[in-house]
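What follows is a set of notes on a single structure, which appears directly below.
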Amino acid sequence: MFTTIQRWGNSQAVRLPKTVLETLFLHENDPVEITTENDTIVIKKTTRKHRAKKSLEERLEEFYQKPIDEILADDSLYSPAEYDWGKPAGKEVW
């Protein structure tokens, strides 16, 4: 089976034929792993579900190396406060 590398925005892309996707039971947005071996590009189906974006809680826990409850309980790390940002300067609704 042959295909062509084509422009996709500012990148290059290879479209996978429907028969290939059906054979591997791949669907839109399924995660895959891309590697190179010698002069070959290898695309492997992966079972690992991987979130592209982490939640704020996950990011804080990773940064402070503590559970979120400990972070929120520590006043030196987190102290909620209300700030006065001044008068509206446009079409903001207050």
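The values are calculated or read from the model by the stated rules, or taken from the named source; none is laboratory data. Only a predicted model underlies this, so the values are computations on that prediction, with no experimental measurement involved. Glycine gets a Cβ as well: all are built from the backbone with ideal geometry, and neighbour counts include every protein chain shown. Only protein heavy atoms, including side chains, enter the accessible area calculation; ligands, DNA and RNA are left aside. Shrake-Rupley method; radii C 1.70, N 1.55, O 1.52, S 1.80 Å.
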What number of residues within the range 65-78 satisfy the criterion of being outside any helix (DSSP H, G or I) and either open to solvent by less than 80 Å² (accessible area, probe 1.4 Å) or touching a Pro at 6+ places or on another chain (Cβ under 9 Å) (or both)? 4
From the residues in the range 35-51 that are open to solvent by 90 Å² or more (accessible area, probe 1.4 Å) and in a loop (DSSP other than H, G, I, E, B), which one is modelled with the lowest pLDDT? HIS50
Examine the range 63-79 for a residue that is over 17 Å from the mean Cα position of the chain (by Cα) and touching a residue at least 12 places away in the same chain (Cβ under 8 Å), and state whether such a residue exists. yes
Candidate set: the range 1-34, residues that are among the charged types (D, E, K, R) and part of a strand (DSSP E or B); chosen: the one surrounded by the fewest Cβ atoms within 10 Å (Cβ to Cβ): ARG7
When the range 78-94 is checked residue by residue, the ones that are small (Gly, Ala, Ser) and over 21 Å from LEU60 (Cα atoms) are GLY86, ALA89, GLY90
